[in-house]
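Below is one structure, written out as structure tokens, with a few remarks after it.
The values are calculated or read from the model by the stated rules, or taken from the named source; none is laboratory data. Just so it is clear, the structure is predicted and the values come from calculations on it, not from any experiment. So basically every Cβ, Gly included, is an ideal-geometry build from the backbone, and we count neighbours across all protein chains shown. These accessible areas exclude ligands, DNA and RNA; they are computed on the full protein's heavy atoms, side chains included. Shrake-Rupley method; radii C 1.70, N 1.55, O 1.52, S 1.80 Å.
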Amino acid sequence: MAKGNAVPRYAYPLAVVGGVMFSWISFLLANSVASALGVWEYNHGYIGAVVFAAAHLCIGGLFGLLWPERTWRWGVWLCLVPVCLVSLTEREVTIFLWVLALTLAPACAGAYAAARVHLRYVETD
């Protein structure tokens with residue numbers, strides 16, 4: 001793994017702000033995909049959840065490719081505000097666990113996988 005602090009200081013606020021904005025964009029994308037497919041109400045949640053999780057996987061992978069030194073931690077920075085807001089506003093534990101499963105886990109997995117691939121194929125001294 002690459003050593004040193006090659007991550008610029010602006011990357012962390014960019015990840016936090018980008019994570020908030022991207023959560024809204026991925027939510028709208030998930031709803032529009034489910035509506036475009038014309039699925040029944042019962043399946044709407046499943047298709048939306050898959051699209052929502054895949055979108056977070058991609059944004060985590062983008063940050064993992066840009067700054068691979070922090071690997072999975074980019075997922076935490078990306079989902080910091082949405083997860084904190086849900087933990088403060090929702091009383092149900094199951095809703096919080098669904099948010100973790102659909103945002104934090106895919107973002108961390110995408111960042112980790114992209115960083116590992118990047119670090120494997122880039123020579124680090």
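Brief remarks follow.
- Of all residues in segment 92-118, those that are more than 17 Å from residue 48 (Cα to Cα) have Cβ atoms under 8 Å from Cβ atoms of residues that are among the basic types (Lys, Arg), 6 or more apart or on another chain, in 108/73; 111/70; 111/73; 115/70.
- Here residue 70 meets the list (1) more than 20 Å from residue 10 (Cα to Cα); (2) more than 13 Å from the chain's Cα centre (by Cα) almost entirely, failing just condition (1).
- Selection of segment 61-87 for residues being of a type in the set (S, T, N, Q) and without any contact (Cβ under 8 Å) to a residue 24 or more places away in the chain yields only 87.
- Of the residues making up segment 102-114, those that are open to solvent by less than 20 Å² (accessible area, probe 1.4 Å) and out of contact with any Phe, Trp or Tyr (no Cβ under 6 Å at 6 or more places or on another chain) number 5.
- Selection from segment 68-79 of residues that are open to solvent by 30 Å² or more (accessible area, probe 1.4 Å) and modelled with pLDDT of 90 or more: 72, 73, 76, 77
- From the options 99, 83, 117, residue that is open to solvent by 50 Å² or more (accessible area, probe 1.4 Å) and in a helix (DSSP H, G or I): 117
- Count of segment 76-125 residues which are touching a His at 6+ places or on another chain (Cβ under 9 Å) and among the hydroxyl-bearing types (Ser, Thr, Tyr): 1
- Every residue from segment 54-67 that is open to solvent by 20 Å² or more (accessible area, probe 1.4 Å) and assigned to a helix (DSSP H, G or I): 54, 57, 58, 59, 62, 65, 66
- Residue check, residue 6 more than 17 Å from residue 98 (Cα to Cα) and modelled with pLDDT under 80: yes
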